[in-house]
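Structure in structure tokens, see below.
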Amino acid sequence: MASTSRKENQPIYILHSYPFKETSLIVEILSKDFGRLALVAKGARRPKSSLRGMLLPFQSLHATWSGLQDLKTLHNVDWSNAFLAIEGDALVCGFYLNELIMRLVPKDDPYPRLYDFYHKTILALTTNKSLNMILRRFELRLLQEIGYEVPLKNDVQGSIIDPKKQYFYEAGSGASDDKKFSNQLVISGKTLIDMADDNYENKDTEKQSKQLMRYLINHYIGDKPLYSKQLFMTNGD
């Protein structure tokens, strides 16, 4: 039974790690084929550990682990590609993405398309350009991949969104002409269409898409705030 639990050379990204007991770490990962997992890296904090210096976020890695319980054992980690340098505001964005995954993606459910999109997003962050656009694309894709509908092309009645109209947007339902709840967001039809077309070039679309995604993210994560959002306070996001 133990042999069947071993997963060899699996593509992963590290989302978060923290100390465990005297010399070990708990490592939260996103794997392509097995989803979000928690692994214990035994002895990883020892100076001569082969894992020391390898367990870095925002790096494409391959890992081997085993275990049938919620907390599995990490055995080995190897680099998949060259070291990816993410700095400045892009680094803050990376921590935000990782926290979103930790808060929204359930454990042990594979999301291979989300993994691939995360990989592309990390590569995009290395350019340190168009960060708002990168964040909006990932936020939207994340919600869609884990099963939350974000209707953009049609309103709640099924009618095609009119780019000249203003709508009231409600999480879980979509855009409507009538305001039914105080927490609905006002958004233009053009912004919704632009988002559906993956086009964030327009300044109003950039601003309103940020408002919409912030509203939706806050709705789905609940009352507990995102720690990484505090880092955005200095750069205006």
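The values are calculated or read from the model by the stated rules, or taken from the named source; none is laboratory data. From a predicted model like this one, the values you see are computed outputs, not experimental measurements. All Cβ positions, glycine included, derive from the backbone under ideal geometry; neighbour counts span all protein chains shown. SASA here: full protein model, heavy atoms, side chains in, ligands and nucleic acids out. Shrake-Rupley method; radii C 1.70, N 1.55, O 1.52, S 1.80 Å.
Could you grab the pairs with beta carbons closer than 8 Å, sequence gap of 6+ or different chains, first residue in the range 117-146 and more than 23 Å from Gln208 (Cβ to Cβ) and open to solvent by 70 Å² or more (accessible area, probe 1.4 Å), second one of a type in the set (D, E, K, R) and in a loop (DSSP other than H, G, I, E, B)?
Correct list of pairs: Asn128/Glu87.
Kindly provide the set of residues from the range 39-62 that are farther than 24 Å from Cys93 by Cβ and touching a strand residue (DSSP E or B) at 6+ places or on another chain (Cβ under 7 Å), ordered by number. Step through it out loud before you land on a result.
Within the range 39-62, the subset farther than 24 Å from Cys93 by Cβ is 39-52, 62.
Hits for the range 39-62 are Leu39, Val40, Ala41, Lys42, Gly43, Ala44, Arg45, Leu51, His62.
Shifting gears a bit: Can you tell me which residue within the range 172-203, out of those that are among the hydroxyl-bearing types (Ser, Thr, Tyr) and open to solvent by 50 Å² or more (accessible area, probe 1.4 Å), is modelled with the lowest pLDDT? Quick ask: steps written out before the conclusion?
In the first step, residues of the range 172-203 are kept if they are among the hydroxyl-bearing types (Ser, Thr, Tyr); the result is 173, 176, 182, 188, 191, 200.
Narrowing the set further to residues that are open to solvent by 50 Å² or more (accessible area, probe 1.4 Å) leaves 173, 182.
Details: Ser173: 92, Ser182: 67.
Ranking the candidates gives Ser182 first.
May I ask you to list the residues in the range 57-69 that are modelled with pLDDT of 95 or more and open to solvent by 20 Å² or more (accessible area, probe 1.4 Å)?
Across the range 57-69, the qualifying residues are Pro57, His62, Ser66.
Turning to a different aspect of this structure: Among the listed residues Ser80, Ser130, Ser176, identify the single one that is over 20 Å from Leu226 (Cα atoms) and touching a Pro at 6+ places or on another chain (Cβ under 8 Å).
Numbers: Ser130 fails: touching a Pro at 6+ places or on another chain (Cβ under 8 Å); Ser176 fails: touching a Pro at 6+ places or on another chain (Cβ under 8 Å).
Result of the check over Ser80, Ser130, Ser176: Ser80.
Looking at (1) at pLDDT 95 or above; (2) part of a helix (DSSP H, G or I); (3) of a type outside the set (A, V, I, L, M, F, W, C), which one does Lys164 not meet, given that it meets all the others?
(2)
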